[in-house]
Structure formats: C-alpha cells, structure tokens
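One structure is given here, and the rest of the page talks about it.
Just so you know, all these numbers are worked out from the coordinates, no wet-lab data involved. Note that the structure is predicted; figures quoted are calculated from it, not measured. Counting neighbours? That spans all protein chains shown, and the Cβs are built from the backbone with ideal geometry, glycine included.
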Amino acid sequence: MKLAIVRKGTTRVTVFSNANELYSLAESLGISQEELDSNFYLYLERLISGQIHLDTIGDPVDDYTFDIPVPSVTSIRDFYAFEGHVMNARKRRGFQVPDEWYRMPVFYYSNTSNLFASGASVPRPSYTKELDFEGEFAFLVGKDGINIKEERAWDHVYGVTLANDWSARDVQLREYSVGLGPAKAKDFATSLGPFLVTRDEIASRIIGEKIDLDLEVIRNQRIFGSGNFKDIYWNLGQMIQWASTDSWLRKGDIIMSGTVPGCCIFEAGPDKEGWVSPGERITIRSSMIGSLDNKVS
C-alpha cells in the first residue's frame, strides 16, 4: 500500500493510492481523521498485517498539496551505508575508506524541524555557496524497541519513502576540519515523500538481505545519476541493530540510508555542472515510491 498525507486547504487528510487516484484512508476505514491521527501506527500495523481491509472506498481526494508522508518525525538517523558513495566522496579529497567504516554502520542525527514535502520550495541557506542534493531512502520506525536484533528489524519498520538530504558542502568541510559534523551543513533542509510504501508491499522486493529499490536523481528535467538500494553495504537490519544498541528506537523515527552512489554533486565534482542555484528543480524518483520534487528558492 502507498500512503500519503495531503492538505485540502487547511484540512489535513491521510490518503492511500489506488489506480492513480487518492482516497481518504479515514473515510475508507469508517473513522474520523482525528482518530486516525491519534492512533496512526496502530491502524498502520493492522493494515500491514492484514487484520483490516479497505473493502469500501470513499470519494477521491483532489485539489491537494503534499505534506511529508508521516504524522510527525521524532528523530532522523542518517547513515553512511553505501560503499560506492563513501569511496567516491573520499577519493575526491585524496582519502581512502577508513578501516573503521567496515566495522560499524556509522550515522549522524539530522534536524526534524526543517522538513520539506514534495512540491515545496526549499530555500538555499544564506551561508553557503556550495549547495548539493543527496538522493536517499528513508525508512519509518513504527514500533518501539531497544537492542533489536538484525533478524527482527523488519518487525519495527513500517514503510519506506524517498529523501533528499540537502547539503552545504563548503560548511561541511569546515566542520570536518575541527573533528565534528555534519551539523549546520545539513540541518537546514531534508525533503521526504511523497508516498510511504508499507512494509507488506516492500516484501516483494526483498532478495536475501537486500531490497531491490531503484532510485534516480533528475536535475532540471535531466537524469543526473541513478542506483539501487540492493547495492548497499550495510543492510537495513544491520543499521537498525546498531542504532538500537542500548538505545531506544521510537515510533516516528526515520532511518536514512545515506547517499545512493552517483546521486550527489560532490561525488562527480562541481566542475561537471556546478552547485545548485536558486530556480533549479531537483527530483528524486523511484518506480515504486513516486517522485520527490523540490524547487530551490
């Protein structure tokens, strides 16, 4: 199932996709939007497990704009999990992949206050001249847990969406020079959406420990780069196991994959096309999830 949260004027509506149309989930379940908002993860779990079915469909929802596809985000852990991206990015600076990277799936925390939905305008920060994009996947934690074993990780994951981890590269390199970061280089914007594809639907794409999810980045209507989640070095279970070691994961936490190789400017170098300028449109697209589209202002 594909879920989204949209707005009709000032009204917020959780919807699901069917035959390229959007329908109110609350109406189809026979409950109010307020009830759905209050118990979002309970109803999502029941839908995923097949305990309830959408036997009736209400009227299609039209004249809408997207919100991010979850009611709220409690934390964002952004991993550095694709070996190809790490190799490419470090090679540009004359470095090899450190041995420690192969010993644990590292991550940093990002800001939950500056989240942008598909269709929203993303402002370029005043303090950077080197704005970059990063095409990533974002997984939603829907069940609390601590010390979650790799083989049980999927019990806690309720869906996946697309993410753009916007980055101020000049600031990022300055932060690294003092042994901290990324921090201010990342906290100004993260884009999420448009749809949350639920765990039961992702199951058909699981191959062993990997997930076959394609992704491509379009810059101003031209394909910039592409890749697939199945090429990741640290799989989702390993990321969740490490993140939850002696630490709670909570409903509404987001686990981001890190950049899919080839899906950011920093890897190729700005000489290729330059850094992102106001007026440019960046689209992250996946055949299963949809298109996360933002214009820079």
A correct Karplus calculation of ³J(HN,Hα) over the stretch 6-17, with 6.51 cos²θ - 1.76 cosθ + 1.60, θ = phi - 60°, whole Hz and x for Gly and Pro, returns 10, 10, 10, x, 9, 8, 9, 9, 7, 10, 10, 9
Working from Cα positions, state the angle (0 to 90°, nearest 10) between the long axis of helix 83-92 and the longest principal axis of the chain. 30
So what's the angle, to the nearest 10 degrees on a 0 to 90 scale, between helix 40-49 and the longest Cα principal axis of the chain? 80
What residues from the stretch 240-283 fall in the zone where the backbone N is under 14 Å from a label point 7 Å along the Cα-to-C-beta line of Ile223? 262-263
Calculated from DSSP H runs of 4 or more alone, at -39500 (n - 2.57) each and per residue, what is the 222 nm mean residue ellipticity of the chain, nearest 500? -4500 deg cm²/dmol
Figure the gain on full extension for Lys129 and Asn18 (residue separation times 0.36 nm, minus the Cα-Cα span) and round it to one decimal in nm. 35.7 nm
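Among 120-128, 45-53, 104-112, how do they line up from the highest to the lowest mean number of other beta-carbon atoms within 10 Å?
Values: 120-128: 15.3, 45-53: 13.2, 104-112: 17.0.
For the peptides 120-128, 45-53, 104-112, the packing ranking is 104-112, 120-128, 45-53.
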Listed with the fewest Cβ neighbours within 10 Å leading, Glu273, Glu100 appear as Glu100, Glu273
Relative to the compact-globule scaling 2.2 N^0.38 Å, provide the ratio for the alpha-carbon radius of gyration of the stretch 2-66. 1.04
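Under 10 °C and 1.306 mPa s, how fast does the stretch 8-154 diffuse according to Stokes-Einstein, given a Kirkwood radius computed over C-alpha pairs? Answer in µm²/s, whole number.
Details: Rh = 19.2 Å.
The Stokes-Einstein estimate is 83 µm²/s.
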Quickly rank 132-140, 88-96, 228-236, 276-284 as a protection proxy: mean count of other C-beta atoms within 10 Å, highest first. 132-140, 228-236, 276-284, 88-96
How far apart, in nm, are the 7 Å Cα→Cβ label points at Lys8 and Trp248? 3.7
Can you tell me the length gained on complete extension of the stretch Lys230 to Arg152, counting 0.36 nm per residue apart and subtracting the Cα distance? 26.2 nm
Using a 10 Å cut-off on Cβ atoms, rank the peptides 31-40, 257-266 from the highest mean neighbour count down. 257-266, 31-40
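What FRET efficiency comes out for the pair Asp37/Ser287, r = Cβ-Cβ distance, R0 = 30 Å, nearest 0.05?
Working: r = 30 Å, r/R0 = 1.00.
The pair Asp37/Ser287 has a calculated efficiency of 0.50.
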Search the structure for amide H atoms under 5 Å from the amide H of Gly58, placed 1.01 Å from N in the peptide plane, and list their residues when 5 or more places away or on another chain. Ser24, Ser28
All alpha-carbon distances of the stretch 75-296, grouped into 5 Å bins from 0, give the whole-percent distribution 1, 7, 15, 21, 21, 17, 11, 5, 1
Residue farthest toward the positive end of the dipole of the chain, with Cβ of Lys/Arg at +1 and Asp/Glu at -1: which of Ile31, Gly94, Ile68? Gly94
